[in-house]
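Notes follow the structure.
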Amino acid sequence: QKNDPYNNYVKVPEDFLVNKPFPIGSGIDFKESSVKKARDLCVYDSVEQGDVRDMPYENGQFNSIFSNMVNDIQENDLEKVFCEVHRVLKKEGYFVFTTPNEKFLDCMYYHNKKELSDIGRFDKGRSEWAPRAKAVWVELSNAIGWKIESYVEYGDKNLISFLNQIYIKDLQNF
């Protein structure tokens with residue numbers, strides 16, 4: 001019955017950051033509320049509202065791109081996103097991203113207990129992600145001429161369980 005915190009804008013308090021970091025470049029998000037929050041933080045040189053399948057940037061504009069939302073991209077859009085990232089990266093640029101691997105769902109408390117009636121309230125769609133194996137990223141990278149420099153697994157079952165508990169507490173207090 002409560003609002004999803006990612007679809008609502010609440011101004012970030014002036015004292016949110018103890019030390020303001022050096023601006024880190026550009027940011028992009030399709031949600032207006034997330035763009036406003038990111039602009040409030042003043043940690044980006046610029047933040048645009050846009051779609052990663054058709055980014056509002058020039059060819060070869062960036063040395064590196066970081067994304068923590070690749071897991072949210074639908075299967076049929078993955079190649080488009082990789083091609084678009086390839087377009088806006090400089091020739092020797094790096095694409096760094098985080099995403100759940102195929103072991104992720106086994107670590108999720110609510111996904112593995114589907115009989116619970118409140119799964120939707122606590123899970124918020126996290127178990128609907130498409131965790132993908134390394135082979136998926138190798139195939140996508142090879143298709144556009146990239147080589148994977150490094151693949152690092154992190155977030156074992158204990159860490160995911162801990163994060164789930166924080167997430168659930170957060171939802172209960174929202």
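The values are calculated or read from the model by the stated rules, or taken from the named source; none is laboratory data. It should be emphasised that the depicted structure is a prediction, and the values quoted were computed from it without experimental measurement. Positions of Cβ are backbone-derived with ideal geometry, glycine not excepted, and every protein chain shown enters the neighbour counts. Each accessible area value is taken on the protein alone, full model and side chains, heavy atoms only, with ligands, DNA and RNA left out. Shrake-Rupley method; radii C 1.70, N 1.55, O 1.52, S 1.80 Å.
General remarks:
- Helices (runs of 4 or more DSSP H) (entirely within segment 81-174) containing at least 1 residues that are modelled with pLDDT of 70 or more and closer than 30 Å to residue 58 by Cα: 134-143
- Output for segment 1-52, where each listed residue is at pLDDT below 90 and polar (S, T, N, Q): 1, 3, 7, 8, 19, 33, 34
- Residue satisfying condition, being among the aliphatic types (A, V, I, L, M) and either open to solvent by 30 Å² or more (accessible area, probe 1.4 Å) or at pLDDT below 90 (or both), within set 69, 55: 69
- Residue list for segment 20-43, filter: within 16 Å of residue 68 (Cα to Cα) and more than 16 Å from the chain's Cα centre (by Cα): 24, 25
- Hits in segment 6-52 (condition: among the charged types (D, E, K, R), in contact with a strand residue (DSSP E or B) (Cβ under 8 Å, 6 or more places away or on another chain) and open to solvent by 80 Å² or more (accessible area, probe 1.4 Å)): 32, 39, 45
- Residue match in segment 61-79 (condition: part of a helix (DSSP H, G or I), touching a helix residue (DSSP H, G or I) at 6+ places or on another chain (Cβ under 7 Å) and charged (D, E, K, R)): yes
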